[in-house]
Amino acid sequence: PPPPASSSSPTPSTTLPSSFATAAAAAEAPKPPSAQPQAAAAQPAAAQPAPGLQHGKELSADDGACMGMCLQWATAKVQVSEVMCEGYAAMVQEYVLEKGYRTQRPFTCSNLDTTTNLPETLPFVVACGDFRSEADARGFGQALQDGGFEDLANIIGSSDVLVPINGELACAVSTLSYVITDMTKVECDAASWQDGACAAPQDEFPYHDKCTAGALATSPYSVTYARKFAKDGNNYYCFKISVDSDQCSGDCCSMELDKIEWMSNLQKCRYAVDGWTVSTKPNAYRQPTWQDEMDNVLGGTVWVLKTNELGLTRSTANGAEVCIALRSGSSCPTMEDFCFGGVCKYAVYDKVGEGSTCCAQDYAPGQPWGTGYARR
């Protein structure tokens with residue numbers, strides 16, 4: 001059986017891709033003395049900046065020279081933090097130099113915001129720097145518009161993310177935006193770019209039952225990814241059950257929770273599950289129960305994992321964990337591999353009995369800044 005969960009909520013991981021950590025460390029290295037800025041052409045008409053962009057400190061240069069740039073990245077894929085922001089700024093600076101443009105003040109982290117209201121409002125980071133001339137600033141801005149945004153997106157790992165919203169998947173679209181300003185912070189030019197909108201996978205899960213989307217809206221239960229650990233050659237992924245009858249409406253608000261079904265990745269993961277546990281029965285290691293179903297939308301068979309006989313009620317379910325053990329050497333060693341589309345779709349069921357029809361389906365969110373199941 002897995003070790004007991006902590007009584008407090010797990011702390012989100014702050015682990016970043018190695019490229020961010022390396023870039024952040026490089027950004028802290030001593031910088032060479034700056035050269036004197038060169039004179040530049042007259043200021044063009046002002047442009048509207050992207051939301052959230054702020055310019056850094058002024059330089060002693062011609063006030064009309066449009067030499068400053070701030071570059072914003074809004075994303076739900078990576079957790080926004082100071083370390084992540086400094087790493088992002090260092091990668092921007094490296095890309096600027098790689099394209100052959102000169103900076104008077106290197107790009108550094110200028111601003112960040114962790115506020116989120118997915119999928120519309122994403123956390124963002126802003127890197128600001130000053131070029132040695134207006135020609136450099138405008139040249140790099142044009143280079144971004146001529147394919148540079150896509151290059152930079154690949155460098156920093158920017159991509160759209162599917163996020164669960166009220167029982168459906170919505171696309172949180174990542175964006176890159178820049179604004180060029182003069183030394184009095186009057187805007188000279190601005191442009192933005194976004195990834196192509198992602199499409200949520202379509203399917204008929206759950207099968208044989210008409211479940212309403214949005215578990216919290218039609219039942220007192222919801223399921224959220226909580227933690228993972230490794231033991232005896234298996235990767236355990238634990239999902240925490242929450243109870244909130246106040247958000248429930250309809251005839252199923254007093255239902256018990258006897259079963260959770262999980263949509264797997266078609267037929268790829270049938271032998272990946274070693275077993276599962278529920279924290280209210282710590283000494284019981286359950287064998288997996290499967291049901292193969294035909295999905296007419298997907299045009300093939302889907303294996304559904306059933307965690308049966310949970311025996312939970314509104315008074316006992318809150319805080320309980322269901323942990324699924326995936327064989328580390330299998331074709332589906334992680335939950336991203338196991339769940340169709342990389343986001344776990346589940347359905348909660350009432351106790352089987354006469355007239356028992358209560359069922360609700362939803363997606364189990366992963367990390368709060370995305371959908372990956374990597375929190376430890």
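The values are calculated or read from the model by the stated rules, or taken from the named source; none is laboratory data. Bear in mind the structure is a predicted one, so any value in this text is a computation, not a measurement. Cβ sites come from the backbone with ideal geometry, for glycine too, and all protein chains shown count toward neighbours. These area figures cover heavy atoms from the full protein model, side chains too; ligands, DNA and RNA do not enter into them. Shrake-Rupley method; radii C 1.70, N 1.55, O 1.52, S 1.80 Å.
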Within region 300-326, work out how many residues are under 29 Å from the mean Cα position of the chain (by Cα) and in a loop (DSSP other than H, G, I, E, B).
4
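Residues in region 225-242: is at least one polar (S, T, N, Q) and assigned to a loop (DSSP other than H, G, I, E, B)?
Step one: of region 225-242, the residues polar (S, T, N, Q) are 234-235, 242.
The next check asks that each one be assigned to a loop (DSSP other than H, G, I, E, B); those that pass are none.
Within region 225-242 (the criterion being polar (S, T, N, Q) and assigned to a loop (DSSP other than H, G, I, E, B)), the answer is no, since none of the residues qualifies.
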Restricting attention to region 128-156, report how many residues are farther than 18 Å from residue 69 by Cβ and crowded, with 16+ Cβ neighbours inside 10 Å.
0
Quick one: would you say residue 240 is open to solvent by 30 Å² or more (accessible area, probe 1.4 Å), basic (Lys, Arg) and within 24 Å of residue 360 (Cα to Cα)?
yes
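Looking only at region 105-121, decide whether some residue is over 28 Å from residue 163 (Cβ atoms), in contact with a strand residue (DSSP E or B) (Cβ under 9 Å, 6 or more places away or on another chain) and open to solvent by less than 20 Å² (accessible area, probe 1.4 Å). Even if it seems obvious, please write down each step before you answer.
Let us first name the residues in region 105-121 that are over 28 Å from residue 163 (Cβ atoms), namely 105-108.
After this cut, where a residue has to be in contact with a strand residue (DSSP E or B) (Cβ under 9 Å, 6 or more places away or on another chain) as well, the list is 105-108.
If we keep only those that are open to solvent by less than 20 Å² (accessible area, probe 1.4 Å) as well, we get 107.
Yes - at least one qualifying residue is present in region 105-121.
Open to solvent by 10 Å² or more (accessible area, probe 1.4 Å) and either under 19 Å from residue 241 (Cβ atoms) or outside the structural domain of residue 221 (by the TED database) (or both): which single residue out of 341, 329, 319, 299 fits that description?
Working: 341 fails: either under 19 Å from residue 241 (Cβ atoms) or outside the structural domain of residue 221 (by the TED database) (or both); 329 fails: either under 19 Å from residue 241 (Cβ atoms) or outside the structural domain of residue 221 (by the TED database) (or both); 299 fails: either under 19 Å from residue 241 (Cβ atoms) or outside the structural domain of residue 221 (by the TED database) (or both).
Of 341, 329, 319, 299, the one residue that is open to solvent by 10 Å² or more (accessible area, probe 1.4 Å) and either under 19 Å from residue 241 (Cβ atoms) or outside the structural domain of residue 221 (by the TED database) (or both) is 319.
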All positions within region 157-179 that are assigned to a strand (DSSP E or B), open to solvent by less than 30 Å² (accessible area, probe 1.4 Å) and polar (S, T, N, Q):
177
Might you let me know whether region 328-338 holds any residue that is of a type in the set (D, E, K, R) and either under 24 Å from the mean Cα position of the chain (by Cα) or assigned to a helix (DSSP H, G or I) (or both)?
yes
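Restrict the check to region 248-257 and report whether at least one residue is open to solvent by less than 40 Å² (accessible area, probe 1.4 Å) and over 25 Å from residue 350 (Cα atoms).
If we filter region 248-257 for residues that are open to solvent by less than 40 Å² (accessible area, probe 1.4 Å), which is where we start, we get 248, 252-253, 255, 257.
Right, trim to over 25 Å from residue 350 (Cα atoms) and you get none.
No - not one qualifying residue is present in region 248-257.
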Qualifying positions in region 106-130 - out of contact with any Ser or Thr (no Cβ under 9 Å at 6 or more places or on another chain) and not in a strand (DSSP E or B)
116, 118, 119, 120
